[in-house]
1. Any chance you could count how many residues in the range 111-130 are exposed (fewer than 10 other Cβ atoms within 10 Å of the Cβ), farther than 19 Å from Ser20 by Cα and not charged (D, E, K, R)?
2. Would you check which residues across the range 87-136 are under 18 Å from Leu55 (Cα atoms) and either without any contact (Cβ under 8 Å) to a residue 24 or more places away in the chain or in a strand (DSSP E or B) (or both) and list them?
3. Please list, ordered by first then second residue, the pairs with beta carbon atoms under 6 Å, 6 or more apart or interchain, first in the range 1-21 and touching a residue at least 24 places away in the same chain (Cβ under 8 Å) and small (Gly, Ala, Ser), second assigned to a helix (DSSP H, G or I) and surrounded by 10 or more Cβ atoms within 10 Å (Cβ to Cβ).
4. Test Asp87 against the stated conditions and say whether it is at pLDDT below 90 and loosely packed, with under 15 Cβ neighbours inside 10 Å.
5. Of Met1, Met25, which residue is among the aliphatic types (A, V, I, L, M), in a helix (DSSP H, G or I) and farther than 24 Å from Ser82 by Cα?
6. How about the range 22-44: which of its residues are free of Cβ contacts under 8 Å to residues at least 60 places away in the same chain and either among the β-branched types (Val, Ile, Thr) or within 23 Å of Ile137 (Cβ to Cβ) (or both)?
7. Restricted to the range 62-78, and to residues that are within 12 Å of Gly99 (Cα to Cα) and surrounded by fewer than 14 Cβ atoms within 10 Å (Cβ to Cβ), which residue is nearest to the chain's Cα centre (by Cα)?
8. Within 20 Å of the chain's Cα centre (by Cα), hydrophobic (A, V, I, L, M, F, W, C) and over 20 Å from Thr17 (Cα atoms): does that describe Ala146?
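The values are calculated or read from the model by the stated rules, or taken from the named source; none is laboratory data. The structure presented is a predicted model; accordingly, all values stated were derived computationally and were not measured. Note: ideal-geometry Cβ built from the backbone for every residue, glycine included; neighbour counts use all protein chains shown.
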Amino acid sequence: MSILLVNTFNEWMSLVTKNSLGNFMRFAKEKNYSLPQLSALIHLSQHTECNVSGLGDEFGVTNAAISQLLEKMVQQGLVLRSEDPQDRRHKVLVLTEEGEQIARESQIERQKWLFNLIDILTEEEQNQVEQALRLLINKAIFIQEAKS
């Protein structure tokens, strides 16, 4: 294993975390939302068929903990919670228009630095980075699937 490559990965991951998470945290503070709330909004915006237990599983918390988080979001007008017509014990979660907007804005803020970075790359550099990232993604998926 190449120490230089490991160090380069660590440096890149540190920059990604600092910039992406930093913008995300700043946005959360400005809008007075918690990071778990924003993460839940983003997840719900990307998964239209989601219920309480599925969201709890995704975040690794109990149904009681995710229900408490969702209750606050319902009260804030970000999420609608209704009974699943096929199983009344389950609740279906849907974002309100405001919830969708907050999810979109938070993702834009989180990725803003990345868009700025891409803008300063030449077309050739963009292609090189895309190919390298595609290779890494495919290898990561391979490892992940091997564990399953």
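1. 1
2. Correct list: Asp87, Arg88, Arg89, His90, Lys91, Val92, Leu93, Val94, Leu95, Thr96.
3. Matching pairs, first to second residue: Ser20/Arg110.
4. Criteria met by Asp87.
5. Residue meeting the stated conditions: Met25.
6. Listed by number, the residues that qualify are Ser39, His43.
7. Applying the filter and picking the extreme gives Gly77.
8. No; evaluated as a whole, the condition is false for this residue.
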